[in-house]
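K.L.:
Dropping the structure in here first, questions after.
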Amino acid sequence: MSLTLLIADDDPGIRVSVSRFLEAEGYCCLTAADGAQALEMIHRYQPHLLITDIAMPNMNGYELVRQVRQHPSLRLLPVIYLTARTAVEERIRAYRSGGDVYLSKPFDLNELAAVVRNLLDRAQLVQTEWQQRQRLSLAPKPQGIAVDLTQREKEVLALLVVGLSNAQIGDRLHLSARTIEKYVSSLFQKTAVHNRAELVRLAIEQGLVAQQTSSQI
């Protein structure tokens, strides 16, 4: 599907020459004779890029772009100013109004086509990244696992988290190291992990034990 461009210029020669050249490059081109008509066509057809003159009847290019930028769905619409005005002040005003590129008349059609391609490529990249972020933000978040631990298992797990060995845990809880080993094995089974490192990481990530420091235990 061809990308749609809108060319707004009160000079019919400019409209015809630009639209024909860009159509030969594979784009679908719409034209408007003034800013008011261009604004109406933008809302109706949702073009992918706007090329606009500045000095036009009914609504000039600056006002056209200003009104375009007021609509959230059009804030990223690429805009090329194509104008006979060459003063630095005009260029500054054009960029401040929301324009992306400023080309002075007379201009080279090949350069214009290159600018169009660059802006469209960038716009599509931004849109793709935005869509990916939207999908990620809407994706279901991982939920905490439900693990039914006994009070003694919680005590053993809390001491594992702070790095104590089975013997040290046994000393703290007044149990044998073999008994602690049985509790650890039970924890492995209930949490579906294979080693202590995985168990500790899971306990921290899922909040299976209250946050404690070694000095509190």
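K.L.:
Residues in region 51-60: is at least one of a type in the set (D, E, K, R) and either open to solvent by less than 80 Å² (accessible area, probe 1.4 Å) or not in a helix (DSSP H, G or I) (or both)?
P.N.:
Checking region 51-60: at least one residue is of a type in the set (D, E, K, R) and either open to solvent by less than 80 Å² (accessible area, probe 1.4 Å) or not in a helix (DSSP H, G or I) (or both).
K.L.:
Same structure, new question: Does A192 count as loosely packed, with under 13 Cβ neighbours inside 10 Å and at pLDDT below 85?
P.N.:
Considered against the rule, which asks whether it is loosely packed, with under 13 Cβ neighbours inside 10 Å and at pLDDT below 85, A192 comes out as no.
K.L.:
Of everything in region 10-57 that's of a type in the set (S, T, N, Q) and over 27 Å from the mean Cα position of the chain (by Cα), which residue is nearest to Q127 (Cα to Cα)?
P.N.:
T52
K.L.:
Let me ask something else about it. With the structure loaded, tell me whether D9 is open to solvent by less than 10 Å² (accessible area, probe 1.4 Å), modelled with pLDDT of 90 or more and among the acidic types (D, E) or whether it fails that test.
P.N.:
yes
K.L.:
Another question, if that's okay. Mind listing whichever residues of region 1-49 are part of a helix (DSSP H, G or I), closer than 14 Å to A113 by Cβ and touching a residue at least 40 places away in the same chain (Cβ under 8 Å)? I'd like the intermediate steps shown before the answer.
P.N.:
First, the residues of region 1-49 that are part of a helix (DSSP H, G or I): 12-24, 35-45.
Okay, now just the ones that are also closer than 14 Å to A113 by Cβ, so 17-24.
Listed by number, the residues that qualify are S17, V18, F21, L22.
K.L.:
Answer yes or no: is there a residue in region 63-84 that is under 15 Å from L5 (Cβ atoms), touching a residue at least 60 places away in the same chain (Cβ under 8 Å) and either over 27 Å from the mean Cα position of the chain (by Cα) or not in a helix (DSSP H, G or I) (or both).
P.N.:
Yes, region 63-84 contains at least one residue that is under 15 Å from L5 (Cβ atoms), touching a residue at least 60 places away in the same chain (Cβ under 8 Å) and either over 27 Å from the mean Cα position of the chain (by Cα) or not in a helix (DSSP H, G or I) (or both).
K.L.:
Same structure again: Quick test of your reading of the structure: V156 fulfils all but one of (1) of a type in the set (A, V, I, L, M, F, W, C); (2) at pLDDT 90 or above; (3) farther than 30 Å from S185 by Cα. Name the failing condition by number.
P.N.:
Status for V156: all satisfied but (3).
K.L.:
Look through Q143, Q151 and report the one residue that is at pLDDT 85 or above, surrounded by fewer than 14 Cβ atoms within 10 Å (Cβ to Cβ) and over 23 Å from L49 (Cα atoms).
P.N.:
On inspection, the qualifying residue turns out to be Q151.
K.L.:
Shifting gears a bit: Hey, among the residues in region 90-106 that are open to solvent by 20 Å² or more (accessible area, probe 1.4 Å), not in a loop (DSSP other than H, G, I, E, B) and not aromatic (F, W, Y), which one's nearest to P47 (Cα to Cα)?
P.N.:
Selected residue: V101.
K.L.:
Could I ask something else about it? Quick one: would you say L109 is open to solvent by 20 Å² or more (accessible area, probe 1.4 Å) and either free of Cβ contacts under 8 Å to residues at least 12 places away in the same chain or closer than 29 Å to V16 by Cα (or both)?
P.N.:
Judged against the criteria, L109 is a match.
The values are calculated or read from the model by the stated rules, or taken from the named source; none is laboratory data. Everything numeric here is computed off the predicted structure, so don't read it as measured data. In this analysis, Cβ positions are derived from the backbone assuming ideal geometry, glycine residues included, and neighbour counts consider all displayed protein chains. Surface accessibility is based on the protein's heavy atoms, side chains included, excluding ligands, DNA and RNA. Shrake-Rupley method; radii C 1.70, N 1.55, O 1.52, S 1.80 Å.
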